[in-house]
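Structure record follows, encoded as structure tokens.
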Amino acid sequence: VFTKVYKEEQRKFMLNTYHKVLAVRHPVLRLISAYKDKFFDILYSQRHNEHIIETYRTAPVDPFSPYVNRPTWLEFMHFVLEHEKSQGDVHWMRYESLCQPCKHNYDSIIKLETIDEDVKDFLRF
């Protein structure tokens, strides 16, 4: 929650006076989106692909498969589960670590899957 952007005093003021909104997404949809976004994007994937493939690939992949040089979904899931805290990425970190909902007592929680309805309720405040 904006930990590096504002000084401690500013953060406290904002947390005590602003209406705090947490936008969430279903965990599986979030992981699918991260996988597509990160591992089908050449620039990002080059940094992680080799490590994930070397660590988690247990069987050879068809040389004509799109997964020859990128992790499969299963390899990605193994990586996420084993590295969620130490090498977490905001795209798959748990909300409890990323947004600290128990610590910050959000005023509203909106789901991206139902954002149209949730925003209507939120805007009534």
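The values are calculated or read from the model by the stated rules, or taken from the named source; none is laboratory data. What you see is a predicted model, and the numbers here were worked out from it, not measured in a lab. Cβ: placed from backbone, ideal geometry, glycine included. Neighbour counts: every protein chain shown.
Touching a residue at least 24 places away in the same chain (Cβ under 8 Å) and surrounded by 14 or more Cβ atoms within 10 Å (Cβ to Cβ): is that true of R11 in this structure? Talk me through it step by step, then tell me what you get.
Details: touching a residue at least 24 places away in the same chain (Cβ under 8 Å): no; surrounded by 14 or more Cβ atoms within 10 Å (Cβ to Cβ): yes.
Taking the combined requirement at face value, the residue does not satisfy it.
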Next on the checklist: Among the residues that make up segment 11-29, is at least one of them of a type in the set (S, T, Y) and under 21 Å from the mean Cα position of the chain (by Cα)?
Outcome noted: no
Item to check | I115 more than 15 Å from the chain's Cα centre (by Cα) and in contact (Cβ under 8 Å) with a residue 40 or more places away in the chain | outcome: yes
Item to check | Filter result for Y35 (surrounded by 13 or more Cβ atoms within 10 Å (Cβ to Cβ) and either touching a residue at least 12 places away in the same chain (Cβ under 8 Å) or out of contact with any strand residue (DSSP E or B) (no Cβ under 8 Å at 6 or more places or on another chain) (or both)) | outcome: yes
Checklist entry - If you scan segment 32-70, which residues turn out to be outside any helix (DSSP H, G or I), touching a helix residue (DSSP H, G or I) at 6+ places or on another chain (Cβ under 8 Å) and at pLDDT below 90? => result N69, R70
Checklist entry - Under 8 Å by Cβ, and 6 or more places apart or on different chains, what pairs join a residue from segment 78-101 that is under 13 Å from Y35 (Cα atoms) and among the aliphatic types (A, V, I, L, M) with one that is modelled with pLDDT of 80 or more and not in a helix (DSSP H, G or I)? => result V80/W92
Checklist outcome for this item: Looking across segment 66-110 at residues that are touching a His at 6+ places or on another chain (Cβ under 8 Å) and within 14 Å of K20 (Cα to Cα), the single one that is surrounded by the fewest Cβ atoms within 10 Å (Cβ to Cβ) is D107
